[in-house]
Amino acid sequence: MADHLGKVVIPGQVLKEFQESEATSKVIIGPGLRRESDLILASKAGVLRHKQPNFYWVDCRQKRYVPARAEHVIGIIAGKAGDVFKVDIGGSEQATLSYLAFEGATKRNRPDVKVGDLVYARLVVANKDMEPELVCIDSNGKSNGMGVIRDGGFMFSCSLNTIRKILSPDCILLKTLGKSLPFEIAVGVNGRVWVKGRSIQETIAIVNAIPSIEFMNNDQIKTMCRKLFDAMTGFD
């Protein structure tokens, strides 16, 4: 496996010698890998990555979002069918969201959700044989930041690679921007980002800054943010 880590793999390539967890003696495979009997094969072209102790995945630059369980996404309410809402999450098919999947929702106390609303939700069902299913509560029944996104703001799309970079603990973009431009943000791994700044000018500045960092390192991000702050002083 040491020969493949950090290198490009292609679909159908057989990968061997995965490092197992000492506690469970298991190997966890993520996006871009699949298991066939006793073999593990690459299903996407990309770079093989590894996270301790036993998690492996293929880092690829795909454009279409493929839903995966437990991921947080930003969806658009596209319609209502019976007791569930149909939600566009950017995948090959729409996801479903029950009206009971909100904090405090009951049959009598239904949430105020309309077609066109944005929702920040978590995927609980995501496989190739079933339509994706969303919830806006955690395992304790609390919203924990999820639910309908209201009060203005701006939602835009960017590449999946940019989203992964923003969510990485090593990325300093959001912390650096927040020092001078306080804002609210919701990041969905389906390539959608919602931002709300103190003013329209600050919101636009943040929206323009986020997609530009895809190929920047942290030093370049600091320089970009500093130039942005200097430019924003002219709007005060």
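The values are calculated or read from the model by the stated rules, or taken from the named source; none is laboratory data. In this text the structure is predicted, and so the values were computed from the model without any measurement. As a convention, Cβ positions derive from the backbone with ideal geometry for all residues, glycine included, and neighbour counts pool all protein chains shown. Side chains included, ligands, DNA and RNA excluded: accessible areas come from the protein's heavy atoms. Shrake-Rupley method; radii C 1.70, N 1.55, O 1.52, S 1.80 Å.
Pop the C-beta distance of LYS26 and ASN161 into the FRET formula with R0 = 41 Å and round what comes out to the nearest 0.05.
E between LYS26 and ASN161, to the nearest 0.05, is 0.90.
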Exercise. Roughly speaking, what is the stretch gain from ALA70 to GLN201, that is 0.36 nm per residue apart minus the C-alpha to C-alpha distance, in nm to one decimal?
Worked result: 43.7 nm
For this session: Return the carbon/sulfur percentage of the accessible area of the chain, one whole number, probe 1.4 Å, all protein chains in place.
Result: 51
Problem set entry | FRET E, pair GLN13, ASN208, Förster distance 45 Å, beta-carbon r, rounded to 0.05 | 0.70
Seminar exercise, completed: Rounded to whole angstroms and listed largest first, the alpha-carbon spread of the chain along its three principal axes comes to 58, 52, 32
For this session: Please build a GNM for the chain, connecting alpha carbons under 10 Å apart, and tell me which residue among ASP138, ASP170, ASP117 fluctuates the most.
Result: ASP170
For this session: May I ask which residue of VAL189, THR223, SER199 lies farthest towards the positive end of the charge dipole of the chain, with charges of +1 (Lys, Arg) and -1 (Asp, Glu) on Cβ and the Cα centre as origin?
Result: SER199
For this session: Quick one: P(r) of the stretch 62-164 from all Cα-Cα pairs, 10 Å bins, percents rounded to integers, in order of increasing distance.
Result: 15, 49, 31, 4, 0
Seminar exercise, completed: Simple spin-label estimate for ASP88/LEU39, 7 Å along Cα→Cβ, in nm, reads 4.0
Problem set entry | Cut-off 12 Å between beta-carbons: net charge of the residues surrounding CYS158, Lys and Arg +1, Asp and Glu -1 | +3
For this session: Multiply the residue separation of THR233 and VAL124 by 0.36 nm, subtract the distance between their alpha-carbon atoms, and state the gained length in nm to one decimal.
Result: 34.8 nm
Seminar exercise, completed: accessible surface per residue for the chain, probe 1.4 Å, DNA/RNA/ligands not counted, whole Å² -> 58
For this session: Using label points projected 7 Å from each Cα along Cα→Cβ, tell me how many nm separate LEU100 and SER139, to one decimal.
Result: 2.1
For this session: Report the relative contact order of the chain, percent, no decimals, based on alpha-carbon pairs under 8 angstrom and at least 6 residues apart.
Result: 14
Problem set entry | Two-decimal Rg to Rh for the stretch 114-194 - Kirkwood Rh, Cα set | 0.99
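Can you tell me the dipole magnitude for the stretch 126-167 around its Cα centre, using point charges on the Cβ only (Lys, Arg +1; Asp, Glu -1), in Debye to the nearest 20? Walk me through the intermediate numbers first.
Numbers: 5 positive and 5 negative charges, 52 e Å.
So the magnitude is around 240 debye.
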Exercise. In the Gaussian network model of the chain, springs joining C-alpha atoms below 10 Å, which of GLN201, GLN94, GLN52 carries the largest mean-square fluctuation?
Worked result: GLN52
